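Input: a single structure, listed below in structure tokens.
The values are calculated or read from the model by the stated rules, or taken from the named source; none is laboratory data. These numbers come from a predicted model, not from an experiment. No Cβ is skipped: glycine too gets one built from the backbone with ideal geometry, and neighbour counts run over all protein chains shown.
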Amino acid sequence: MLRIPIAERQNWRQRATEFGFHFHTMYGEPYWDESAYYQFTLAQIENDLEDPTAELHQMCLAVVERVVNSEALLQKFQIPEAFWSVIADSWQRRDPSLYSRLDLVYDGKGPAKLLENNADTPTSLYESGFWQWLWLEDNVNTGKLPRQSDQFNSLQEKLVNRLAFIARQKNMEQLHFSCCKDTVEDRGTVQYLQDCAAEAGIANRFVFIEDIGLGIDADDMQVFTDLDDRRIDACFKLYPWEFMQREAFADAILQCPTQWLEPLWKTVLSNKALMPLLWDMFPNHPNLLPAYFASDVNAGNVNLAKTQRWVHKPIYSREGANIKITEGDNTVLETDGPYGEEGMIVQAFHALPRYADNHTLIGSWLVDDVPAGISVREDRSPITQDLSRYIPHIIV
Amino acid sequence: MTIRKRSASIRLARMRKSFAIKPLALGVASVFLSACGGDRQESVIYTTLDECIEDNPAEAAATCRTAYEEALAEATRTGPKFATESDCEYEFGTHQCREVDTDRGSFFMPFMAGYMVSNLLSPNRYYYQPLYTSYSPYSPFRMRWAMADGTVFDGDIRKRNYRVRSSTYDKKPAVTRTIKRGGFGSSVRAKSSWGSSSRKSGWGG
């Protein structure tokens, strides 16, 4: 695993406009960075990332099976009680899932370590599935990279096939897509999935999450509606379940027959309480870091080793918010943010590898339960936030 | 043989958001024309059940009746619904609307003005579709046949024979009445777009 400088494609900004990549620069900082790339060997990809990703995912599903059958754990996961049975039903039915991203610490040798599972609303999908693919294609075509260069990235192909499968299985006439207003990154991610749906031959419509309505149809059933008063029979939402389950339409989720993507059972996976459960069920697994509920630590049930650093994370948090790193009684680093009231977990600190001045994090993608590629992000801080930069990769 | 670890078949043209080269009108037209091909159904519009029975061989009478009843039921399910009688009459004309009561309140719908059928002699494969027309001077549907999704047939209501694609008989999505919005997301933006006859885009669907 090497970080290798390379000249930017001269026309890459034009290419970005042409293909609708509108968030390559965010908050005045570059987000897409093609001044370098990461190079992996095929063995690193297949043995250290792809296989462990498939295995970790199956372990996560084992956690879902255990949590949905335990009221005590559903409580510990801070899932609203009104949703316990529908989440269990969604799991028993195996409602189809679309995709996830596991965040891994990996430095080219030794086992990758799972930091967390973004199972509900992962972004950086377009950059991974399409844009870094195009970067490689362009650089191979101009002879800047050897023709045999490859990339671990079959995301787009797998997303198209998976969407086609789900639409057939669920007999969908059309699929709605939704995200929040005022975020060009989320809208871009959702547009990409709409493009994949179109490629799969599925009629698709967009509605902002704030614009979703609640109505009654001609059969007097409660239904969610879009701005044209169309029924939302099936909807991909890039909006977290833990928010939806606490908002005004939470009750309506229980009444309306909408088929959601991701499905309700993903509530269990996108929750950082997953990490202590994994460690409990698969202790000392080479791809896991020790993790505990903060409540168990505070109650004296678990003693944290003083000689090692620990990361304190809220059960619900995104993009590195509200994270604290401690060593013994000292706080080494702390980020602020709006999360944390739902409880915390504690996870053994495992430093991100450094390349030049960068801390590097691997995102490992799954479409349903099949590993589908990786993305590489860099940050100047040891905690990856939403200002981190996206760097393409190749396999040689 | 090497196995690639990346997508092999991304169609770049599909991923473009702006035109790299302006498309030729010819290319667009040929796609459009081919999409219009396909099979067509000989179809007749009747305004009453008796019209249908008189117009067809005796063995079609039972199918006329079934198709009529199914079209009526379909009209109640998918027909345009309005919050007030005046909104409905603005679109369809005076005395052209009926009140429908449900346990969630009442609303107003136009009467089914006719029904389109085909394949009547084949009892398992006949088609039906409820149709509406308007007597309102303000309506784009005035004196023409229209379906529940707002599609208008060419010609006026005297025209009774059409060759239509079989997809014309697809069931229309049930019309939905939105009660409230803004229950998801941080910003609450309550908005109900139902109930005004000034809408230009047809009726939901």
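So, residue B:71, is that one more than 30 Å from residue A:161 (Cα to Cα), away from chain A (no Cβ under 14 Å) and modelled with pLDDT under 75 or not?
No, not satisfied.
Please determine whether any residue of segment A:132-141 is touching a helix residue (DSSP H, G or I) at 6+ places or on another chain (Cβ under 9 Å), at pLDDT 95 or above and not in a helix (DSSP H, G or I).
So far as segment A:132-141 goes, no, none of its residues is touching a helix residue (DSSP H, G or I) at 6+ places or on another chain (Cβ under 9 Å), at pLDDT 95 or above and not in a helix (DSSP H, G or I).
When you look at residue A:121, is it outside any helix (DSSP H, G or I), within 14 Å of chain B (Cβ to nearest Cβ) and within 19 Å of the chain's Cα centre (by Cα), yes or no?
Yes, satisfied.
How many residues does segment B:78-120 contain that are acidic (Asp, Glu), away from chain A (no Cβ under 14 Å) and without any contact (Cβ under 8 Å) to a residue 60 or more places away in the chain?
Of the residues in segment B:78-120, 3 are acidic (Asp, Glu), away from chain A (no Cβ under 14 Å) and without any contact (Cβ under 8 Å) to a residue 60 or more places away in the chain.
Does segment A:245-256 contain at least one residue that is part of a loop (DSSP other than H, G, I, E, B), touching a residue at least 12 places away in the same chain (Cβ under 8 Å), closer than 24 Å to residue A:82 by Cα and away from chain B (no Cβ under 13 Å)?
No, segment A:245-256 has no match at all.
State which residue is modelled with the lowest pLDDT when the search covers only segment B:113-129 and only residues that are part of a loop (DSSP other than H, G, I, E, B), in contact with a helix residue (DSSP H, G or I) (Cβ under 7 Å, 6 or more places away or on another chain) and of a type in the set (A, V, I, L, M). Give the steps one after another, and end with the answer.
Of all residues in segment B:113-129, those part of a loop (DSSP other than H, G, I, E, B) come to B:113, B:119-126.
Imposing the further condition that a residue be in contact with a helix residue (DSSP H, G or I) (Cβ under 7 Å, 6 or more places away or on another chain) reduces the set to B:120-121, B:123, B:126.
When the remaining residues are screened for being of a type in the set (A, V, I, L, M), the result is B:120-121.
Values: B:120: 86, B:121: 83.
For segment B:113-129, the residue satisfying everything is B:121.
Determine whether segment A:156-173 contains at least one residue that is more than 7 Å from chain B (Cβ to nearest Cβ) and under 22 Å from residue A:26 (Cβ atoms).
no
When the residues of segment A:9-37 are filtered to those that are more than 26 Å from the chain's Cα centre (by Cα) and exposed (fewer than 13 other Cβ atoms within 10 Å of the Cβ), which remaining residue is farthest from the other protein chains (Cβ to nearest Cβ)?
Only one residue fits best here, namely A:10.
Counting only residues that are of a type in the set (Gly, Ala, Ser) and more than 15 Å from the chain's Cα centre (by Cα), which one in segment B:135-151 is modelled with the highest pLDDT?
B:136
The conditions are (1) closer than 20 Å to residue A:57 by Cα; (2) without any contact (Cβ under 8 Å) to a residue 60 or more places away in the chain, and residue A:307 fails exactly one of them. Which is it?
(1)
Considering only residues that are without any contact (Cβ under 8 Å) to a residue 40 or more places away in the chain and more than 27 Å from residue A:362 (Cα to Cα), which ones fall in segment A:281-301?
Filtering segment A:281-301 for residues without any contact (Cβ under 8 Å) to a residue 40 or more places away in the chain gives A:283-284, A:296, A:298-301.
Matches in segment A:281-301: A:296, A:298, A:299, A:300, A:301.
Just one of (1) surrounded by 14 or more Cβ atoms within 10 Å (Cβ to Cβ); (2) closer than 22 Å to residue A:104 by Cα; (3) within 23 Å of the chain's Cα centre (by Cα) trips up residue A:309, so point out which.
(3)
Out of (1) within 22 Å of the chain's Cα centre (by Cα); (2) part of a loop (DSSP other than H, G, I, E, B); (3) under 25 Å from residue A:352 (Cβ atoms), what's the single condition that is false for residue A:95?
Condition not satisfied by residue A:95: (3).
Just need a number here: residues in segment A:261-287 that are touching a strand residue (DSSP E or B) at 6+ places or on another chain (Cβ under 6 Å) and either aromatic (Phe, Trp, Tyr) or farther than 16 Å from residue A:76 by Cα (or both).
Counting residues in segment A:261-287 that are touching a strand residue (DSSP E or B) at 6+ places or on another chain (Cβ under 6 Å) and either aromatic (Phe, Trp, Tyr) or farther than 16 Å from residue A:76 by Cα (or both) gives 3.
Within segment A:39-52, can one find any residue that is out of contact with any helix residue (DSSP H, G or I) (no Cβ under 8 Å at 6 or more places or on another chain), more than 14 Å from every other protein chain (Cβ to nearest Cβ), in a helix (DSSP H, G or I) and not charged (D, E, K, R)?
Within segment A:39-52, one or more residues are out of contact with any helix residue (DSSP H, G or I) (no Cβ under 8 Å at 6 or more places or on another chain), more than 14 Å from every other protein chain (Cβ to nearest Cβ), in a helix (DSSP H, G or I) and not charged (D, E, K, R).
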